[in-house]
Amino acid sequence: MAGNSQRRGAMRKTGTKKGATVGSGGQRRAKLEGRGPTPKAKERPHHPAARKERAAQKRATSGTAKASSRGGSSSRGSKRSQGSLLMGRNPIVEALRANVPATGLYVQAKADADDRWREAMRFAVSRSIPIMEVARTELDRMTDGGVHQGLVLTVPEYEYADLSAVETGSLVVVLDGVTDPRNLGAIARSAAAFGADGIVIPTRRSVGVTASAWKASAGALSRVPVAQVTNTTRALQSLQKSGFTVLGLTADADVALGDLAATTLTDPVVVVIGAEGAGLSRLVGETCDWRVSIPMAGGNESLNASVAAGIVLQAVFSARS
């Protein structure tokens with residue numbers, strides 16, 4: 001229509017041309033490519049499925065490492081267990097008093113301090129043990145929800161003693177099939193209190209020196225050496241050749257502890273404690289020089305392994321006092 005070409009909206013500036021201009025999105029020379037198909041959930045780093053996959057791989061790797069660390073070893077050679085965490089204020093203070101080697105002390109931020117807390121801190125500073133302040137949630141994670149009381153001590157691998165190291169003493173405790181680490185810790189505590197020279201445990205189907213055992217022992221495991229052997233029966237035979245009398249504790253024995261001759265307890269003696277419930281294994285029972293029982297009131301079948309060990313060790317101690 002005449003005059004429409006004069007509308008400002010239809011006017012074209014001179015020196016321009018119709019078509020694509022700079023800033024067109026690169027639809028010509030630098031055309032942007034698409035991102036392709038959406039990756040699977042577990043392939044996206046921040047997706048919950050990916051985090052779950054990584055956690056599963058970490059657990060699998062950790063399980064493999066633990067399995068490989070439990071490989072067999074000689075009954076005479078020096079052996080090491082896995083490093084572990086020691087938790088709780090009393091066990092940590094006892095361990096530090098006994099100069100147990102430690103690689104780090106983790107302390108809970110803003111925790112209530114008491115004398116044990118301050119003593120643990122003093123020991124750590126004096127021995128140049130690194131101190132790390134962390135949140136309680138981190139300590140809960142490190143200890144799998146254990147009762148840490150705001151303190152966690154990292155303890156290096158436990159170095160087991162040779163059997164020959166305990167053969168030179170006069171009182172040895174042998175555990176046959178005891179699997180509860182708290183029993184090992186409690187037995188170590190009684191062994192230290194009544195002058196035992198060492199504890200012997202088998203490498204298989206038995207408890208080892210773990211953080212739980214350290215805690216139950218209240219530091220006694222630092223004072224009583226623990227030897228690990230591949231065959232309990234052969235270890236007992238070796239001790240017998242070294243002059244020890246082997247006493248196997250069992251509920252169905254014909255001889256009561258109090259009926260033994262005094263010289264039996266004053267001479268070098270081995271006290272064998274069986275698994276709670278199962279008792280002594282057949283070969284171990286046959287190897288013992290004496291099978292003895294602890295007299296009890298009627299209706300009671302057996303005692304806890306650590307309680308039974310404490311009673312026998314106290315009897316030996318009294319006979320020698």
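Tell me the Kirkwood radius of region 181-321: reciprocal of the mean inverse pair distance over distinct alpha-carbon atoms, in Å.
Hydrodynamic radius (Kirkwood, Cα only) of region 181-321 equals 15.3 Å.
For region 172-214, go through all pairs of different Cα atoms, get the mean of 1/r, take its inverse, and jot down that Kirkwood value in Å. Walk me through the numbers before you get to the answer.
On the way: mean 1/r = 0.0968 Å⁻¹.
Roughly 10.3 Å, rounded to one decimal.
What Rg and what Dmax come out for region 116-260 when only alpha-carbon atoms are used, in angstroms?
In Å, with Rg to one decimal and Dmax whole: 18.3, 57.
Where q = 0.13, 0.23, 0.26 Å⁻¹, what log10 of I(q)/I(0) comes from the Debye formula for region 81-157, counting one point per Cα?
Results for region 81-157 at q = 0.13, 0.23, 0.26 Å⁻¹ read -0.32, -1.06, -1.36.
Using all alpha carbons of region 203-274, what is the percent of pairwise distances in each 5 Å bin, ordered from the shortest bin to the longest?
Using 5 Å bins, I get a P(r) of 3, 12, 17, 20, 19, 17, 9, 1 for region 203-274.
Using label points projected 7 Å from each Cα along Cα→Cβ, tell me how many nm separate Arg122 and Leu283, to one decimal.
5.1
Computed from the coordinates by the stated procedures, all read-outs in this text should not be read as laboratory data. Quick caveat, the model's predicted, so the values are computed rather than measured. Neighbour counts are summed over all protein chains in view; Cβ atoms, including those assigned to glycine, are modelled from backbone coordinates with ideal geometry.
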